[in-house]
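Here's the structure, in C-alpha cells; my notes come after.
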Amino acid sequence: MNTQELDKKYVLPTYARVDVEFVSGKNARLTDSNGKNYIDFTSGIGVVSVGHANERVNSAITKQISNITHTSNLYNIAPQAKAAQKMVEASGYDMQCFFGNSGAEANEGAIKIARKFGERDGEIKRYKIITLQHSFHGRTITTVKATGQESMHNYFGPFPDGFVYADDIAQIESLLDDHTAGVMIELVQGEGGVQPQDKEAVQNLEKLLKSRNILLMVDEVQTGGYRTGEFLASQVYGITPDIVTLAKGVGGGVPIGVVMTSLKGVLTAGDHGSTFGGNYLSTAAACEVMDILSELRANGELKSITEYFNQELEKFYSSHRNLFTSKVGIGLMCGLRVKNAETLSEIISNAKDNGVMVLKAGRNTLRFLPPLTITKEEIDEGFNSLKSAVSSI
Ligand SMILES: Cc1ncc(COP(=O)(O)O)c(C=O)c1O
C-alpha cells in the first residue's frame, strides 16, 4: 500500500487531506513524492519558522539527543531553563514559563492559571473567561469551548462552564462582572481569517482590565515567535499581558507549547504538569530557533524580508483586484480577502498544481505564513507560480 492507502485504512479521517506527500524540504522549498518542487508559503501552518531542514536546528537537535532526550520534569533540564530565559528576555516582560506540547495545551495552562488566580484573589470566586467571536484557541474540550465560533460547539458537550463571548473588543467592557477572571484574545486572529485587532482598542482594554484586576491573556500560538516582527505581537501592540501562550513557530517543527506569565506564584508543585513538556529535545530545538530568529530580528533581515514579501503580495493584490477585496495582516502573517468565497478553494488547489502552497483562513481569506527565513528568490518564485495559478480564474 502507498501512503495514501495506508492513511485511508489506518488513520482516523479527522483532516480533509490534500492528496500530496512531501518527502523533503529546504528552507521555503518542498519536494513531493513525485519529485515535483513547490514554494512553501505555509510553513506547516506557521510552525517551520526557520525553514525546512534548518541546519542549525538539526545540528542542535542531533547533538542534544545523542546525549539525552528525556528524563522527566522531576529533575533540572538545562535547555528547558535556557529556553525559558531566552523567551522571557526576548519578551522584555517579568515572567516565568511552563512548557507543554501544543497550543491548546498552552491555553489550557493559561486558563488554569487565570482560574486559580480568580479563586484565591478576593472573596468572590472569579472563573469567567471572556473570548472573542471568530477566535480559535484549540481542540481540547476546554479550548474548543474557549473558541468563540459556535460551529465548534456542535458536539462533545457538556463543556466546562464559564466562557463568555464578545462580538469584538469594544463589547468586552459590558460583559465584565464580579466573576470575570480574565480576557483571552489573539492580537491577530489566525484561523478566524487573519484579522488584526485595533492597537488603540487593545491598549484601552489593557488599561480597563488592569483597573479591574482582571487578567489580560494573549494567545500568541500563531502570532508569537517573531511572526509579526517582534518576538511577541504583544510587543508590537505595546502592551504587557498577564499571561501569554506560545507554540507553533517556537519549536521550528518540534512539538512545544509555552505559557508565560507574570503571575509567578499562582501555580505551585502538583497544580500542573505535562510528561513530555519541555524535555531536552523540544527545548534544545526551541533554544536554537530563538537564537536564529533573534539574530534575524537584530540584524534587520527579518524586517527587510517581511517588507519584500508584503511588497510582492501588494503587487499581486493590485494586479488581481477582480479576485480580492483587501490585503490584511501584520508582518509575515498575511492574507488576501477573496471577493467570492467559492473561488478560494480553486485558488489554493491551482496554486498547488502550479507549485506554491498557500492556506485558507476563515471563510474568505487566502492566508500566507511563509518561513521567516524565506529568501527573495523563493518569494519571487512563489508569486510567479501564484500568478499562473490565478490566471485562469
Ligand atoms: C491562535 C491559536 N491558538 C491555539 C491553537 C491550537 O494550537 P495546537 O493545534 O498546537 O493545539 C492554534 C492553532 O492553530 C491557534 O492558531
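The values are calculated or read from the model by the stated rules, or taken from the named source; none is laboratory data. Because the structure is predicted, anything quoted here is derived from the model rather than measured. Quick reminder, even Gly has a Cβ in these numbers, built from the backbone with ideal geometry, and neighbours come from all protein chains shown. For accessibility, only protein heavy atoms count, side chains too; no ligands or nucleic acids. Shrake-Rupley method; radii C 1.70, N 1.55, O 1.52, S 1.80 Å.
Worth a mention:
- Top of 306, 62, 42 by mean-square fluctuation, Gaussian network on the chain, Cα under 10 Å: 62
- Per DSSP, loop trypsin sites (Lys or Arg not before Pro) in segment 216-282 with at most 12 further Cβ within 10 Å: 264
- Kyte-Doolittle mean at least 1.6, axial Cα span of 30 Å or more - DSSP H helices of the chain: none
- Of the residues 382, 334, 309, the one whose Cα sits farthest towards the positive end of the charge dipole of segment 306-384 is 334 (charges of +1 on Lys and Arg Cβ, -1 on Asp and Glu Cβ, taken about the Cα centre).
- Taking the 1.4 Å solvent-accessible surface of the chain as the whole, the part contributed by carbon and sulfur is 50%.
- Gain upon complete extension [residue 62, residue 341; 0.36 nm per residue less C-alpha separation]: 96.0 nm
- For the chain, accessible area per residue (1.4 Å probe, heavy atoms of protein chains only), Å²: 45
- The percentage of C-alpha pairs in the chain whose separation is greater than 34 Å is 29%.
- Dipole of segment 214-313 [Lys/Arg +1, Asp/Glu -1 at C-beta], most positive-end residue of 261, 225, 246: 261
- Residues with amide H under 5 Å from that of residue 360, placed H, sequence gap 5 or more: 367
- Full-stretch length increase - residue 70, residue 88 - with 0.36 nm per residue and alpha-carbon distance subtracted: 4.2 nm
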